[in-house]
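Trainee: The structure is given below, and queries will be raised subsequently.
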Amino acid sequence: MATQSKSIFSADLIVPAIKVSFVKLNPVHLWKNPVIFVTEVGAFLTTIDLIRTMATGGAASFPLQITLWLWFTVLFANFAEAMAEGRGKAQADSLRRSRTKSVANKLDTASGTTKLVAAESLRKGDLVVVTAGELIPADGEVIEGAATVNESAITGESAPVIREAGGDRSAVTGGTTVLSDRIKIRVTANPGESFMDRMIGLIEGAKRQKTPNEIALSILLSALTIVFLVVVITLKPLAVYTGPDVSAALTVTVLVSLLVCLIPTTIGGLLSAIGIAGIDRMVQKNVLAMSGRAVEAAGDVDVLLLDKTGTITLGNRQAVEFVPAPGVDERQLADAAQLSSLADETPEGRSIVVLAKEKYGIRGREVHELPNAQFVPFTAQTRMSGIDLDGRQIRKGAADSVRQHVGGKFPAPIEQSVMEISSKGGTPLVVADGDRVLGVVYLKDIVKGGLPDRFKRFRAMGIRTVMITGDNQLTAAAIAREAGVDDFLAQAKPEDKMALIRKEQAAGHLVAMTGDGTNDAPALAQADVGVAMNTGTQAAKEAGNMVDLDSNPTKLIEVVEIGKQLLMTRGALTTFSIANDVAKYFAIIPAMFAVAYAASPDQPGPLSALNVMGLGTAQSAILSAVIFNALIIIALIPLALRGVRFRAVAAASILRRNLLIYGLGGLLLPFPGIKVIDLIVNALGLV
Amino acid sequence: MTPNGWFQLALYLGVLLLLARPLGVYMAAVYEGVPSRWRRPGEVVERWMYRLCGVDPAEQMTWTRYAYGVLMFSVVSFLAVYLIQRCQALLPLNPQQLAAVTADSSFNTAISFMTNTNWQGYGGEVTMSYLSQMLALTVQNFVSAAVGMAVLVALIRGFRQTGTTGLGNFWVDLTRGTLYILLPLSFILALVLVSQGVVQTFSAYQTVPLMEAATTADGKTITEQTLPLGPAASQIAIKQLGTNGGGFYNVNSAHPFENPTPLSNFLQVLSILLIAAGLCHTFGVMVKDSRQGWALLAAMLVVFVPLTVGCALLEQQGTPQLAALGADLTASNLHPGGNMEGKETRFGIANSALWATATTAASNGSVNAMHDSFTPLGGLIPMWLMQLGEVIFGGAGSGLYGMVMFAIVTVFIAGLMVGRTPEYLGKKIEAYEMKMASIAILAPCAMVLVGTAIALMCTGGKATIFNPAVHGFSEVLYAVSSASNNNGSAVAGLGANTPFYNTLLGVAMLIGRFLTMLPVLAIAGSLSQKKHVPASAGTLPTHTPLFVVLVVAIVIIVGALNFFPALALGPIVEHLQMRA
C-alpha cells in the first residue's frame, strides 16, 4: 500500500473529484448533511427567482451571480468530500487489483484430495492447500506446515514473513503470496467479510458511519442552521413592518444570501472530509482503523498500556558487561562465556559472542573448528546452556539454576553482582566452569531511543503511560525509570492486564493497548483502543479495533496523536466558521437595510453607518460576502485534509493557541477578505 | 457618570459579592439537607407537609419523574392563579370591589406568575384584589422561584452523581427552597422595607386632599387623589428576591409606596441579583470545586458590568433632542443631568441604569424607571440582556442552569479544539447533551423572533402599538423578548392587555420556561448515569479566565448573531436617526 503520502492536490485526484462533486448534488445524498442541504435548497430557490426575474425582464446580473456562487458553495463542499474520498479510493483500488480472480486448491477432508475452485466460493471452515508461488485465496489460519509469505500487498513491506501452524504467527491474509513451502489453511472469513474487504470498505468510506463526536457536532450545526433559518424568515415580516422599500429590497436572492452566509457552511462542508481524512492519515501510518469511532476514541485515550518487550525495549537483551568472580580474569570469563554461547542462536547468546569480540578481541570461533566440543542446548529442565570441551563443562544460565548446578551456593561477591544487576533492571547470567563460578554476564534491556522524551510529552497532554512486563518488580522498576513511564505492572499475566484495564476504565479512564497473541485478545477487546499487530493471530486482529500493518507497537503513540488531531480540526473549523458570521453581518445588514428610514430614495438610510468596511454598493457587499463564504471552503480543504497542527502540550495551551488562530482569526479575517473581494467586484463592474 | 454614580455602582457590586459566598454556602447546606439547629422548627413543618401530601421525602426521582413533578405543580399553580382571579369578586379581602379579571388577562397572568416571569398586562391597583395579590400572586412569587432553584439543584446532582438515575426529590427541594431560603430572606427584607415606608396594610385605598389643586387639559380642577394601599412590602420583598418582578402597583418600584428611599432602592436592586449570585457559589460547593462556581459568576459579571456602565453612560449623555429643548444635560450638585425622562428624581441616572440592567440581566423585570424613555442604545442594553437568554444572573435557579447550558456548548466547541471528547465537570458531553442544550438555548431565541414577526404581521398586534415606526417596533420586540425569556419587564407604549398579546405572550412564556427546563432536566438525567472522568493535564480546565472569556464570547455571539438584524431595525436605527 501507498506509504508515501500523496500531495494534497494532485491532478489525478482533482479531476475525478470535480466530477463526483456534481454527482453529489443529488439531494438524497446531501440530505445527510443538513447545512449543505439547506444551502442547496437556497440555491434552488434563487435559481427560480432568477428565472422569474429573467422572464419578467428584470435586471438579472446580480441574482445570476449570487445563484452561481451559491451553487459553487454546494459544489465546493461536495468537492472537499470527494477529495477526501478520492484519496482513500486510490489506495483501495490498488488493494483491489491485488486480489482479482484467484483460485484455490480446496481440500476435501473425506477423500484427502484437492480440487481447484474459485476463491470466491470458499466459505468459513473450508480447508485449502497453498504451495509456493500461489496467492493465499482467503483469510485463514495455518493448521499445518510453515511457509514464508510475502505480505507486501497489505503492508507495503517486501521482506517475507514466516507463517506457521500453532503459536502467534498462524494468521494469514487473503491476497498475500506464499514464497516457499506448503501450508494447509483453514478459512476464517466468508467472501466479502475478509480483512482485505473490510480494509477496502473502510478506506473508500463506503460504509462510513458518523462517529459520536461528529454526531454531536452535527446536532449543534443543525441547531444553528435552524435558528438562522428562523432569523432570516422572520426578517421579512420585520421588514414589511419597517416599510415597503425595505421589504422590496429583501428579495429571495438577498434573504438566501444572508442565510447561506450565516449557517455554518464552512464546517458543514468540510465535516465529512475531516473524518475521512482522519482514517486516511491512519492508513498513511499503516494503521487500519476498523471504524472512525476508533480513531476518535484514540484522541480521548488517557492511559496507554505498553508492553515492555518490543514497545519500550528492543525485543532482545544485550550483553553489556562481564563481571568476573574474585581471582578470575575478565578475559577468562569472556572467553568461557563466548564458548558457552557459540551454539546459542538466541539474540542474547549472539550478543555475548559480539561483546567478547568487541571488548577483548576474542574471535568468535566456528563450531566446526572445535571437533571435540559437545554443545549443551538450553532445556526447560536445566535452564542452562553451554559446551563440553576437552573435559571442561562450561555452563551459563539464570542465577538460580547455576547456583543449583554448582552445589547451592555462590561466593558472596557473585551473589552481590547478581543482586546489583537485577536492581539495575538487567538480567544476570552466571557462567560456571564445572562447579567453579567464573563470573556474571550483565544482560541489559535496551530502551528504544527517544521514548523518555515522548512519554514526557504525553504527560504534558495528560496521558499516563503504564508499562506491562513479566519481569520481577525490581527489574521492571529499573526499566520503567529508564524509559520514563509513569507506572508499571510487573510479573503480569494476561489476566492481570485485563484486570488493570477494567480498573482504569472503572475510574473513568480510556485505555489504549497493543497486542498480538491470542491471549491478548480479551484485553484488546476490552480496551477502548486496541491496536493488534499484523503479525499477530487472527483472534487478536478480530478483537482489536485497529491493526498496525507494520506491527510496530510504538505506533500507538501516533495513533493517539492522529485521533486528537481529528477532533482538534473539527473544533477549530467550527470556531472559525461561527466567528466568520460577525463580519458577514456587517457586510450584509447595512446593505439589506440601506434604504430603511432613508430621507429620500436616492440617499442612504441611517443604517448605512454600519457599513464599517466601506463596501461599494449594497449588491456588491452581498455578493462579496457570498463569494467569500464559498471560497473559504476551498481555501480550507488542505487544512481539513491535513489536520490542524498538533502539539503535545497541555489542554489549556492548545486551547489558547487554537482560539487565537481560529477564533480571533475567524473573527478578523473576513473583514479584509470581504473588502478585497468587494474591491475586485467593483473594479470589474460585476454588479 | 458622576463620581457618586461610580461609587454607588462599586458599592453595589462589592456588597453583592460579599454576600454571595455565605448565602451560597447556606443554600448548599439547605439542599444537601445538612441538619441545622436553626432549621429544626421548619423540619417539623416539612414532615407535616410531606405527610399531608403523601410525599416520601426519601424517594430519589429519575429525571422524568422530577419533570413530571415540575409540570404537575405548574399546572396546579396555573389553575389556582387563574381561578382566584376569575372569582375574586366573590372572594374576601376585596375592599375596592374589583371585578373578576378577564379570561385572557387571567390566562396571561396565571402563566406569567407560574413561570416566574411576572409579565403584567394589568395594572395591579385597579385590577387585583388584596386576596388575589396575596394568595395567587405572592404565593407564586415564592414557589415559581423555588421550582427554578430545584431544577438547578437537580442539574447539579446530575453532574455530581455517577451511575445512578436519582436526581433528588422535587417536592423536598421545592419545600426546602421556599421554607429555608426564600421565606426567611423575604421576611427580613420586608421588615426593612416597611421601615423605609413601603406600605403593608389591609385597609382600603385612602382619598386625600391635594396640597395644591391641579387643572386637567379640559379645564377640570382636581382637588383630591386616591392613595392605593395594600400588603405591598411582603410581595415586594419576594418579587425582588425570587426574580419575579411583578409590582404591587402598576409602575412597580418607581412608585413611592413600593420603593420610597435610596436605601429601599439599594436593598431592592441588591435583592434582584442576590440569590442568582449566591447560587453560583452553591453550584461550586455542591460540585465540590468552588472555582467552577466563581468562574460562572465571573462570566456573568464580565457581561454585566460593562453593560451597566455603558447603559449609565448612554443615559448620562442624554439626547440631542433634549438638548435642543433646552434641558441641561450636564450633571451638577443640583440635578443629575442626562436623560431624566421617565426616571425618578430620587434615584437619578446611575441607580436607574443599574436597576434597568440588573432587572433584565436577572429575569426580574421590576422597574424603577421607564425603560421606554431610555435613549435608544440605553434601552437596547436591557432588551439585549433579556435576549441573551436570561443567563447573566437570570432567574432564581433558571439563570444559572441556562448559563450551564452555555457552558456545555462552550465546553463542546473548546473541548474539540483540544482534541478530546468534551467534558464538563468530569462528565462527557455527547450528542444527547448537545441536542438538549441546543433546544434550551435556541427555543427562547426562536420564540422572540417568531413572536415579534407574528405581532408585526397581525392587525391584533399592530393595533395597540401607540408609538409608530421604529420605536413601536422596539416596543414589540422588547415585549416579546421579555416574555419569551421569562423576564416580565415591560416598556410602556404598547397596549399589551389585549386578547392578542395576552395569548401570544402567554404562549411565549410557556415556551421560554418549559423548553429550557425540560431539556435541562433531561441533561441532568443523562449526566447522572455517566462515569466521572478524572481530570488530567489533557482536560480542558473550566475554571480559568480563558474559559470565562470563552463562555462570554459564546453567549455574546449567540445573542448578537440571533438578534443583530432585529436590533438593527429597532434601537440601532433609532439611535442613528436620533444622532443624524
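Trainee: Taking 20 Å² as the minimum loss, tell me which residues in segment A:561-584 lose that much accessible area going from the chain by itself to the full protein complex (1.4 Å probe).
Mentor: A:LYS564, A:LEU567, A:MET568, A:GLY571, A:THR575, A:ILE578, A:VAL582
Trainee: Over all distinct alpha-carbon pairs, what is the Kirkwood Rh of segment A:24-88 in angstrom? Don't skip to the answer; put the middle values down first.
Mentor: Numbers: mean 1/r = 0.0790 Å⁻¹.
It is 12.7 Å.
Trainee: Here's another thing I want to ask about it. Looking only at other chains, what is the average number of their beta-carbon atoms within 10 angstrom of each beta-carbon in A:226-235?
Mentor: Mean inter-chain Cβ contacts per residue within 10 Å come to 6.
Trainee: Normalising by the residue count of segment B:66-137, find the relative contact order in percent from Cα pairs under 8 Å and 6+ residues apart.
Mentor: Working: 77 pairs, mean separation 27.3, N = 72.
Reported as a whole number, the value is 38 percent.
Trainee: Measure off, as a whole percent, the carbon and sulfur share of the 1.4 Å-probe accessible area of the protein assembly as shown, all protein chains present.
Mentor: The computed percentage sits at 62.
Trainee: What relative contact order, as a whole-number percentage, does chain A give when Cα pairs under 8 Å and 6 or more residues apart are counted?
Mentor: Reported relative contact order: 14 percent.
Trainee: Are there trypsin sites (Lys or Arg not before Pro) in segment A:341-407 that DSSP puts in a loop and that have at most 16 other Cβ atoms within 10 Å, and which ones? Mind dumping the intermediate values first?
Mentor: Working: sites: A:ARG350, A:LYS357, A:LYS359, A:ARG363, A:ARG365, A:ARG383, A:ARG392, A:ARG395, A:LYS396, A:ARG403; in loops: A:ARG363, A:ARG365, A:ARG383.
Answer in residue order: A:ARG363, A:ARG365, A:ARG383.
Trainee: I'd like the interface area for chains A and B: accessible area of each alone minus the complex, both sides summed, 1.4 Å probe, protein heavy atoms only. What is it in Å² to the nearest 100?
Mentor: Chains A and B together bury approximately 4900 Å².
Trainee: Please give the Cα centre distance for segment B:399-447 versus segment B:195-259, rounded to the nearest Å.
Mentor: 45
Trainee: What whole-number distance in Å separates the alpha-carbon centres of segment A:209-286 and segment A:528-571?
Mentor: 34
Trainee: Given chain A, what whole percent of its Cα pairs are spread farther than 33 Å?
Mentor: 62
Trainee: Here is a further query. Applying a 10 Å radius around every beta-carbon, put A:610-623, B:440-453 in order of their mean neighbour count, most first. Provide the component values of the computation, followed by the final result.
Mentor: On the way: A:610-623: 20.7, B:440-453: 23.9.
Peptide ranking by packing, descending: B:440-453, A:610-623.
Trainee: May I ask for the distance between the Cα centers of segment B:23-101 and segment B:453-527, given as a whole number of Å?
Mentor: 27
Trainee: Sticking with this one: List the residues, sorted by chain then number, that are 5 or more residues from B:LYS427 or on another chain and whose placed amide H is less than 5 Å from its amide H.
Mentor: Amide H to amide H, under 5 Å and 5 or more residues apart or across chains, B:LYS427 pairs with B:VAL533.
Trainee: Now a separate question. Evaluate 2.2 N^0.38 Å with N set to the residue count of segment B:1-49, then give the Cα radius of gyration divided by it. Write down the numbers at each step before the final one.
Mentor: Values: Rg = 17.8 Å, N = 49, 2.2 N^0.38 = 9.7 Å.
For segment B:1-49, the normalised Cα radius of gyration is 1.85.
Trainee: Could you state the angle between the C-alpha long axis of helix A:195-204 and the longest principal axis of the C-alpha atoms of chain A, as a value from 0 to 90 degrees rounded to the nearest 10?
Mentor: Taking Cα atoms only, the helix is inclined about 30 degrees.
Trainee: Quick check for you: with a 1.4 Å probe and neighbouring chains kept, what is the accessible area per residue of chain A, in Å²?
Mentor: Accessible area per residue, chain A: 40 Å².
Trainee: Relative to the longest principal axis of chain A, what angle (0 to 90°, nearest 10) does the C-alpha long axis of helix A:451-460 take?
Mentor: Orientation of helix A:451-460: about 40 degrees from the principal axis.
Trainee: Rounded to the nearest 5, what % of the DSSP beta bridges within the protein assembly as shown are antiparallel ones? Please report the intermediate quantities before stating the final value.
Mentor: Working: 68 of 87 bridges.
Expressed as a percentage, antiparallel bridges in the protein assembly as shown total about 80.
Trainee: Find the accessible area per residue for chain B; the probe is 1.4 Å, ligands and nucleic acids are left out, and the unit is Å².
Mentor: Values: 19640 Å² over 580 residues.
Per residue, chain B has 34 Å² of solvent-accessible surface.
Trainee: Rounded to the nearest 500 deg cm²/dmol, what is the calculated helix-only ellipticity per residue at 222 nm for the protein assembly as shown, with -39500 (n - 2.57) per DSSP H run of length n ≥ 4?
Mentor: After summing the helix terms and dividing by the residues of the protein assembly as shown, the value is -18000 deg cm²/dmol.
Trainee: Hey, which lysines would be in cross-link range of A:LYS444, C-alpha to C-alpha under 20 Å, not counting anything within fewer than 8 residues on its own chain?
Mentor: A:LYS308, A:LYS357, A:LYS359, A:LYS396, A:LYS424
Trainee: With an 8 Å Cα cut-off and a minimum separation of 6 or more residues, compute the relative contact order for chain B in percent.
Mentor: RCO, chain B: 20 percent.
Trainee: Count, for each residue of B:448-459, the Cβ atoms from other chains sitting within 10 Å of its Cβ, then give me the mean as a whole number.
Mentor: Details: counts 2, 9, 4, 1, 4, 9, 2, 2, 7, 6, 1, 0.
Per residue, the average neighbour count from other chains is 4.
Trainee: Here's something else I'd like to know. With all distinct Cα pairs included, what does the Kirkwood hydrodynamic radius of the protein assembly as shown come out to in Å, to one decimal, could you say?
Mentor: 35.4
Trainee: What does the average come to when, for each residue of peptide A:217-225, you count the partner chain Cβ atoms lying within 10 Å of its Cβ?
Mentor: Mean number of neighbouring Cβ atoms from other chains: 5.
Trainee: So which residues in segment B:409-443 end up with at least 50 square angstrom less accessible surface once the other protein chains are there, compared with the chain by itself, probe 1.4 angstrom?
Mentor: Correct list: B:PHE412, B:ILE413, B:LEU416, B:MET417, B:VAL418, B:GLY419, B:ARG420, B:THR421, B:ALA431, B:LEU442.
Trainee: Just to confirm the number: angle between the C-alpha axis of helix B:376-387 and the first principal axis of chain B, 0 to 90 degrees, nearest 10?
Mentor: 30
Trainee: Also: Do any residues of segment A:420-463 show a loss of at least 20 square angstrom of accessible area between the isolated chain and the full protein assembly, using a 1.4 Å probe, and if so which?
Mentor: A:MET461, A:GLY462
Trainee: For B:LYS435, which lysines qualify as cross-link partners when the Cα separation must be under 26 Å and same-chain residues fewer than eight apart are set aside?
Mentor: A:LYS32, A:LYS207, A:LYS210, A:LYS564, B:LYS427, B:LYS530, B:LYS531
Trainee: Give the peptides B:26-39, A:301-314, A:670-683 in descending order of average Cβ contacts within 10 Å, highest first.
Mentor: Highest mean packing first, the order is A:301-314, A:670-683, B:26-39.
Trainee: While we're on this one: Which lysines have a Cα less than 21 Å from the Cα of A:LYS115, not counting those fewer than 8 places away in the same chain?
Mentor: A:LYS101, A:LYS106, A:LYS124, A:LYS184
The values are calculated or read from the model by the stated rules, or taken from the named source; none is laboratory data. Please read all numbers here as calculations on a predicted model, not as lab measurements. Here the Cβ is made from the backbone with ideal geometry for all residues, glycine too, and neighbour counts use every protein chain on show. Areas reflect the complete protein model, heavy atoms only, side chains present, ligands, DNA and RNA absent. Shrake-Rupley method; radii C 1.70, N 1.55, O 1.52, S 1.80 Å.
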